[in-house]
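Encoded as structure tokens, the structure appears first; notes follow it.
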Amino acid sequence: MQAPPTRYLWFFLIMLIALSASFGYGLAALFLGMAFVPALLYLNWFRNFEKHDPEPWGALYQAFFWGAITGIILAGVVNSILIVMVALATTVIVAEIAGAVIIAPFVEEFLKAMGLMRAGVKEEVDEVELNSKAMLESLEVQTPPAPDGVDAKFYNAMGSLLDTKVAPVLTGLQQLTVAVNDLQQNAVHKQEFTNLVGEVERIRIGCEQEFARSTEMASTLTSLSQNSVIHDDRIGALETQFRNLNVKGKGKGKSGFDDAFNRIAFTKWSDATGLEDRLAAMSAFMAKHFTKVAVSKVGVIHRGSFKDKTRTMTRVGFVEFASSDIRDFVLAKIESKKLKVDGHAGVGIERARTRNASDRNNALTEAADLLKEHLATTAPELDVVIQWTGRRGVTVGGGYAFDQPSGTSMGEFVGDFETLHLSQKTW
């Protein structure tokens, strides 16, 4: 086996340096050996099958390294360029299908033939063709020498006659051989063309299916976009309605959960009972009657301004639990057993008033004060009465001047007093 030319060894050196940067020289040499040494051994093995006219190593090396190095690099570059062009003109999916089915086979097979057109390989192929042609052209019917005991003149005369008859037959056989080769090549090309037509048809069907999917997706996106606009309009309308409800936030501060849902209220404390006594009495009540119920908070409601330091203690205290379910359980037991706070028989126990309920009560009180102020100079004799139950509101002389419907609304002035308005403070 002849060693490869020096110019190809430079390629191995470059590959060794490049791979060693990532894997080290040992692994790089192992990779190159596994990739090329078995292939070269196979090449030598197949070459030895040709007993009479083995191909020269130079032509074999050129064809081998063209396919192993140059052809792969060129095919990768050309395939990438053409696939990108198809992707820009159509879609990525179509480009990938066309690249695998159309572009790659044509480019790679064309580059294989390009390798045979290289000078060293082409010269060797041309030499084989010329030798074969010369051998066919030099093939003539020659009469062998006359056997012993046969007249030479007669034998030669018969040989000339046979040459005349056999020559056209030989020419016909040669033409028939050429015709059979042409038929075989045309049959192969026809089959390849049929296969190519089938591949193109499959690609066309695939492209139509992808186009149909794209159209369906575009329609779906349009529908989603329209539905999104509709939902946005609905959300905007709901937000507007929510703002128009004039609902105060619940819980600590002005927003969040309303703690009153988890509380029971201890009302009507005597003004003579101080803060510490009230807290101690409520804690003792819970410890006596609900030993297994955890209490989150015990407190007394205060009113007034922190800033002006006018905070005063109201007559309402509370006990807070972890949830409204616990609150309901405790309240049901208190009502069923008619439990009372020891030493404070006048203290009542009920559900804590929610902030919205308190705000609505405050709104009735403010409405009554405004009506009294308004009537002080025009009709002071009319009675202003707050209606806490039934139809809630404020009446003037028996007729409603301020109406507070059920729900969360603070209410509004009606009739002759509709020009009056509650203050803008947040309840």
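The values are calculated or read from the model by the stated rules, or taken from the named source; none is laboratory data. Note that this is a predicted model, so its numbers are computed, not measured. In this analysis, Cβ positions are derived from the backbone assuming ideal geometry, glycine residues included, and neighbour counts consider all displayed protein chains.
For every residue, the table says whether it meets (1) of a type in the set (S, T, N, Q); (2) outside any strand (DSSP E or B); (3) loosely packed, with under 14 Cβ neighbours inside 10 Å.
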| residue | (1), (2), (3) |
| --- | --- |
| ASP271 | no, yes, yes |
| ARG278 | no, yes, no |
| MET286 | no, yes, no |
| VAL300 | no, no, no |
| GLY317 | no, no, no |
| SER336 | yes, yes, yes |
| ALA357 | no, yes, no |
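Condition first: in contact with a strand residue (DSSP E or B) (Cβ under 8 Å, 6 or more places away or on another chain), assigned to a strand (DSSP E or B) and at pLDDT 90 or above. Can you find one or more residues in region 409-424 that meet it? Yes; the residues of region 409-424 include at least one that is in contact with a strand residue (DSSP E or B) (Cβ under 8 Å, 6 or more places away or on another chain), assigned to a strand (DSSP E or B) and at pLDDT 90 or above. A Cβ distance below 9 Å, combined with a sequence gap of six or more or placement on separate chains, defines the contacts here; from region 272-285, residues that are under 15 Å from ALA345 (Cβ atoms) reach residues that are in a helix (DSSP H, G or I) in the pairs THR273/ALA281.
Can you confirm whether region 408-419 contains a residue that is among the aromatic types (Phe, Trp, Tyr), under 26 Å from LYS292 (Cα atoms), in contact (Cβ under 8 Å) with a residue 24 or more places away in the chain and surrounded by 11 or more Cβ atoms within 10 Å (Cβ to Cβ)? Within region 408-419, none of the residues are among the aromatic types (Phe, Trp, Tyr), under 26 Å from LYS292 (Cα atoms), in contact (Cβ under 8 Å) with a residue 24 or more places away in the chain and surrounded by 11 or more Cβ atoms within 10 Å (Cβ to Cβ). Residues that are closer than 21 Å to ASN362 by Cβ and surrounded by fewer than 16 Cβ atoms within 10 Å (Cβ to Cβ) within region 388-407 comprise TRP388, THR389, GLY390, ARG391, PRO405, SER406, GLY407, listed in sequence order. Evaluation of THR291 against the conditions (1) without any contact (Cβ under 8 Å) to a residue 60 or more places away in the chain; (2) not in a loop (DSSP other than H, G, I, E, B) shows that the sole unmet condition is (2).
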